[in-house]
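Enquirer: Input: one structure, supplied below.
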Amino acid sequence: MKLSNLLFVIPALFLGAAKKPNILFIFTDDHAYQAVGAYNSWLKEHCPTPNIDSLARDGMLFEQCYVTNSICGPMRAAIQTGKYSHANGFLVNGNKFDGTQQTFPKMLRKAGYTTAGVGKWHLGTHMSPQGYDYSEVLIGQGPYYNPPMRVDKDGDGKHDEVIKHVGYTTDIITDLALEWMKSKRDKDKPFMLMYQHKAPHRNWQPGPKYLNKYDDVTLPEPNTLFDDYKGRTLAAYQQDMTIAETMNRGDLKTSYDPKLELSKYVYPTYDLLADVEAPDKVVDADELEANKNRILETLRNYKIEIAKIKAAVGPTVTLYEIIPEAGVRISKIKNLEDDIALSLSALGIRIIAPIPGRGTIGIEVPNRSPKMVSMKSVLTSEKFIKTNMDLPIALGMTISNEVFIADLAKMPHLLMAGATGQGKSVGLNAILASILYKRHPSEVKFVLVDPKKVELTLYNKIERHFLAKLPDTDEAIITDTTKVINTLNSLCIEMDKRYELLKDAMVRNIKEYNQKFISRKLNPENDHRYLPYIVLVIDEFADLIMTAGKEVETPIARLAQLARAIGIHLIIATQRPSVNVITGIIKANFPARIAFKVSSKIDSRTILDSGGADQLIGKGDMLFSAGNDLIRLQCAFLDTPEVEEVCDFIGSQQAYPDAYALPEYTGEENGSSGSNYSAEERDALFEDAARLVVLQQQGSASLLQRKLKLGYNRAGRLVDQLEDAGIIGPFEGSKARQVLVSTEQELNQRLGKNSSNEDENIL
């Protein structure tokens, strides 16, 4: 049961007295009397509370105290109004508090007081209607570390800003309360400060100095651990307040729960997806027999005898497995692809010679009446429901009618290609929906890049649940090329930060790191935090390469090479799988590939390193490659209205205050395309870098990193600025940049020409 201690440090006297006292109202959540040393509980020895005990010695103990309402929000409403919950209208958390009714801060303001509230609030509306001149409050329950807080400086009911604080929430609230009393209040008036702590509200997260305090301490079981309240009054008996049943592992401080902030989040339900009526038989026995005979007849015409043939019917194609007689060359059969297609009157067949690990030759023949594979049938399969993959993606069904699921976390990146209208966008939606159905918003975030501006817009509705974006960016779905470049560079910064965290935690990957954090073995005050997976999705990659080129390719290549261990995974889709779009660097770091139907064998080889994608029949027919094996699948169909339903369902629920914030990155407006930098825009180390480059006669980012002890991004920006100033030459691939200035005197002249604040006395 939730009890709260309400402590008037300075008792309020009759307001009409000659000198009105200042009032500090200290409010702490969940302080049961057993946890306060002054009440001499069995916990006193193990968990002393000296500061509260000193207040009790100077004041009084409440030994006959009754709880007006045991829930945090309604209890606050009762305190504000002096009314029971049924009278003030705030019965449960989530209700909206009617701030027009009388409250004690309003009465104090009338009496000449200045009023303020700092810390937890939880009444679902801003504080000014309740009579507060100033407020800085947590958003909802607020986290235990690094809390964002809403500030209303003038009491007009419209918060001025949201400030993200760094540190432990209890310490932050205390410092803010002290700061208001010292410097922000009207010192000509008496004050009333409502100073409200989140701690020790469940799910408890102790402060840094207490993280490991009780690791070696065994606390005795409380008397009520197995109390079932039998024999008590009916009201008490019916309450859910037994420790054994209501407490969870997080309550017992055994682990951190990343899902707690959105603990009431409901995963999308399967009834949001459409049912597709499938035919009883995709291929009847007559068609199977006729196809077998035609295949055998065609092969006999070329003097190829077959020992055995069998068929496996899939949703889109039927696989005929043949075992040729001894002495038949495989290449002979492979060269008859077009002849077999002609005899079967098929759209196009694909020969797999041999099928890996089977000792047979496969002939894939399109079905005359292909079966649509619904997303619902895939997501409701036992295989998907029971999977324990980190980032499961349900792609569709195989030729043998088995649901195919792959783990994006192990791929670790995915490259998709296909001609227009062949199922690429549906495939992206299937991937995103799979993760949405399996993962909590705290576990994964998406960075969505959509140059076409229309393919991924539906996901705007889940911005505050699942999307990540740059700070101070209006749209979470990125459509502008400049913002794409900035976002990619921001992800590189995030990657570097995460690697520093892993290094500090002495772990090798995100999974080990999060397990260590959940076990409370890492200190949040050292910037440690729970790390969600980040999935970067880029649609129409070719368009980005055409407009931005190296500025896009370079950070993508860096992410693809390094980001796997820290939980950043890339999905890149394009219509044109040409070599100038999917370069060697990109291909080398994207071992997992998906190919929908493409227009030529060259495109197929570009994406898959083998043929076959040009012989697909379209409409979701695809090849999946994860290494050497090619798997033919029918992609699950997910229509736009279904995506909209899923996004509406998620978007209607309680969300985080904002989208997941990526590190701030401010790039040059026009990248490295010859823009001019003013003296104010140049880096503070620009002149030092220029002198170093001229002295060494080398112009590289790595040199600046080593000598000036800089990060990669800052060194790269300095190189761009040096190029713009004409000190070094342009990028020339594998060649080193040419240094265009040979002497320090020449450099001084150039800097004097280009910089208005040149100091001639600098080294």
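None of the figures in this text is laboratory data; all of them are computed from the coordinates on show. As the structure is a prediction and not an experimental result, all values here were calculated from the model. Every residue, glycine among them, receives a Cβ derived from its backbone with ideal geometry; neighbour counts consider all protein chains shown.
Enquirer: On a 0 to 90° scale, report how tilted helix 424-438 is relative to the longest principal axis of the chain, with both axes built from alpha carbons and the result rounded to the nearest 10.
Expert: Helix 424-438 sits roughly 40 degrees off the main axis of the chain.
Enquirer: On to the next question. Kindly rank 45-53, 614-622, 209-217, 497-505 from highest to lowest mean number of other beta carbons found within 10 Å of each residue.
Expert: With the highest mean Cβ count within 10 Å placed first, the list reads 614-622, 497-505, 45-53, 209-217.
Enquirer: Also, quick follow-up: So what are the ³J(HN,Hα) numbers for segment 454-459, from phi and the Karplus equation (6.51, -1.76, 1.60; θ = phi - 60°), rounded to whole Hz, Gly and Pro as x?
Expert: Coupling constants for segment 454-459: 10, 6, 10, 4, 4, 6 Hz.
Enquirer: Any idea how far the Cα center of segment 311-360 sits from the one of segment 500-532, in Å?
Expert: The distance from the Cα centre of segment 311-360 to that of segment 500-532 comes to 52 Å.
Enquirer: Output the 0 to 90 degree angle, nearest 10, between the alpha-carbon long axis of helix 712-724 and the longest principal axis computed from the alpha carbons of the chain.
Expert: 70 degrees
Enquirer: Assigning unit charges at the beta carbon (Lys, Arg +1; Asp, Glu -1) and nothing else, what dipole magnitude in debye, to the nearest 20, does the chain show about its Cα centre? Could you put the intermediate results ahead of the total?
Expert: Working: 90 positive and 97 negative charges, 255 e Å.
In total the dipole reaches around 1220 debye.
Enquirer: Find how much the distance from residue 334 to residue 696 grows on full extension, using 0.36 nm per residue of separation minus their present alpha carbon separation; answer in nm with one decimal.
Expert: That works out to 124.3 nm of additional length.
Enquirer: Which links in 452/483; 83/189; 383/597; 44/521 stretch past 18 Å when you go from one Cα to the other?
Expert: Violating the 18 Å Cα-Cα cut-off are 83/189; 383/597; 44/521.
Enquirer: For residue 545, what is the net charge nearby, where nearby means another residue's Cβ is under 12 Å from its Cβ and Lys, Arg count +1, Asp, Glu -1?
Expert: Around residue 545, the charge tally is -2.
Enquirer: What does the charge count around residue 710 come to, taking other residues whose C-beta lies under 11 Å from its C-beta (Lys +1, Arg +1, Asp -1, Glu -1)? The partial results should precede the final answer.
Expert: Values: positive: 706, 707, 709, 714, 717; negative: 683, 688.
The answer is +3.
Enquirer: Order these peptides, 468-477, 26-35, by their mean beta-carbon neighbour count within 10 angstrom, highest first.
Expert: Peptide ranking by packing, descending: 26-35, 468-477.
Enquirer: Next up: Using a 10 Å cut-off on Cβ atoms, rank the peptides 312-324, 360-372 from the highest mean neighbour count down.
Expert: Going from most to least packed, we get 312-324, 360-372.
Enquirer: So for segment 285-366, taking the charge dipole from beta-carbon charges (+1 Lys/Arg, -1 Asp/Glu), which of 323, 336, 363 sits furthest toward the positive end?
Expert: 323
Enquirer: Pairs 20/120; 96/461; 264/511; 264/469; 182/213; 461/587: which are spaced more than 30 Å apart, C-alpha to C-alpha?
Expert: Details: 20/120 27 Å; 96/461 23 Å; 264/511 24 Å; 264/469 24 Å; 182/213 33 Å; 461/587 33 Å.
Where the Cα-Cα span goes over 30 Å, the pairs concerned are 182/213; 461/587.
Enquirer: Any chance you could give the angle, 0 to 90 degrees and rounded to 10, that helix 550-562 forms with the longest Cα principal axis of the chain?
Expert: Here the helix axis deviates by roughly 80 degrees.
Enquirer: Something else: Please report the net charge: other residues with Cβ closer than 11 Å to the Cβ of residue 389, K and R +1, D and E -1.
Expert: My count for the surroundings of residue 389 gives +3.
Enquirer: Which option, (1) 81, 77, 56; (2) 115, 90, 50; (3) 103, 59, 46, is the value of Cα extents along the principal axes in Å that was calculated from these coordinates?
Expert: (2)
Enquirer: Given the DSSP H assignment, sum -39500 (n - 2.57) over each helix run of at least 4 residues in the chain and divide by its residue total; what's the result at 222 nm in deg cm²/dmol, nearest 500?
Expert: Helix-only estimate at 222 nm: -8500 deg cm²/dmol.
Enquirer: Treat the count of other C-beta atoms within 10 Å as a stand-in for reagent exposure and order 495, 194 from fewest to most. Please list the in-between numbers first.
Expert: On the way: 495 21, 194 27.
In order of increasing Cβ crowding within 10 Å: 495, 194.
Enquirer: Using Cβ counts within 10 Å as a stand-in for footprinting exposure, how do 635, 72, 65 rank, fewest first?
Expert: Ascending Cβ contact count within 10 Å gives the list 65, 72, 635.
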